[in-house]
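Worksheet for the structure shown next.
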Amino acid sequence: MKELTKAEEQLMHYLWTLGKAYLKDIVEQYPEPAPAYTTISTVVNVLVKKEFIGFNTHGKSREYFPLLSKEKYTQQSMNGLMRSFFDNSTKKFASFFTSQKDLSVEELQEIRKLIDEQIAQRKS
């Protein structure tokens, strides 16, 4: 999978939220001070070339949509992170996350509950 720059990833988050959007709709998502319209247009064109977004043409306008779901991108990004920093070990990742992040007892219990639910589902 091709990697996204921070600017590309930000635009993808807006497009994932919108689902389908014209360039003006994407531009409106940016907080002030927003990048120039032409800058956002350039990022959109790069994402089209990278095949992260597609478009339908309506007259002279293009309606853009994601070709990759947020879930799939997150999964691929996390897999890359685990390979690069945790020797592809989920155990090392979980250990790092729970020891480095200032998690409350309640948050740790919520994580444990999620894990217990996954264990129960896979056993059945």
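Say whether the condition of being under 23 Å from Glu3 (Cβ atoms), among the hydrophobic types (A, V, I, L, M, F, W, C) and surrounded by 15 or more Cβ atoms within 10 Å (Cβ to Cβ) is met by at least one residue in segment 91-106. Give the derivation first.
The first filter runs over segment 91-106 and keeps only residues under 23 Å from Glu3 (Cβ atoms), leaving 92-93, 96-97.
Subset that is among the hydrophobic types (A, V, I, L, M, F, W, C): 93, 96-97.
Right, trim to surrounded by 15 or more Cβ atoms within 10 Å (Cβ to Cβ) and you get 93.
Yes, there is a match, as at least one residue in segment 91-106 is under 23 Å from Glu3 (Cβ atoms), among the hydrophobic types (A, V, I, L, M, F, W, C) and surrounded by 15 or more Cβ atoms within 10 Å (Cβ to Cβ).
Mind counting the residues in segment 89-124 that are of a type in the set (Lys, Arg) and either under 23 Å from Asn79 (Cβ atoms) or in contact with a Phe, Trp or Tyr (Cβ under 8 Å, 6 or more places away or on another chain) (or both)? If you could, list the steps in order and put the result at the bottom.
As a first pass, look at segment 89-124 and keep what is of a type in the set (Lys, Arg): 91-92, 101, 112-113, 122-123.
From what is left, the residues that are either under 23 Å from Asn79 (Cβ atoms) or in contact with a Phe, Trp or Tyr (Cβ under 8 Å, 6 or more places away or on another chain) (or both) are 91-92, 101, 122.
The total comes to 4.
Return yes or no: is Gly59 at positive phi and either modelled with pLDDT of 90 or more or not hydrophobic (A, V, I, L, M, F, W, C) (or both)? Let's see the steps before the verdict.
Values: at positive phi: yes; either modelled with pLDDT of 90 or more or not hydrophobic (A, V, I, L, M, F, W, C) (or both): yes.
When the stated conditions are applied, Gly59 passes them.
Wholly within segment 19-124, which helices (runs of 4 or more DSSP H) include no fewer than the required count, namely at least 2 residues that are within 16 Å of the chain's Cα centre (by Cα) and touching a residue at least 24 places away in the same chain (Cβ under 8 Å)?
Details: elements: 23-29, 37-49, 70-85, 90-100, 105-123.
By residue number, 37-49, 70-85.
Which one of the conditions (1) more than 16 Å from Leu15 (Cβ to Cβ); (2) of a type outside the set (Phe, Trp, Tyr); (3) at pLDDT 95 or above does Asn45 fail to meet, given that it meets all the rest?
Of everything listed in (1) more than 16 Å from Leu15 (Cβ to Cβ); (2) of a type outside the set (Phe, Trp, Tyr); (3) at pLDDT 95 or above, Asn45 misses just condition (1).
Out of all the residues in segment 19-40, is one or more within 15 Å of Leu68 (Cβ to Cβ) and either of a type in the set (Phe, Trp, Tyr) or at pLDDT 95 or above (or both)? Spell out the reasoning first.
Filtering segment 19-40 down to residues within 15 Å of Leu68 (Cβ to Cβ) leaves 19-20.
Checking the rest, the ones that are also either of a type in the set (Phe, Trp, Tyr) or at pLDDT 95 or above (or both) come to 19-20.
Yes: segment 19-40 contains one or more residues that are within 15 Å of Leu68 (Cβ to Cβ) and either of a type in the set (Phe, Trp, Tyr) or at pLDDT 95 or above (or both).
The values are calculated or read from the model by the stated rules, or taken from the named source; none is laboratory data. Computed from a prediction, not measured in an experiment: that's the story for all the values here. Neighbour counts run over all protein chains shown; Cβ positions are idealised from the backbone, glycine included.
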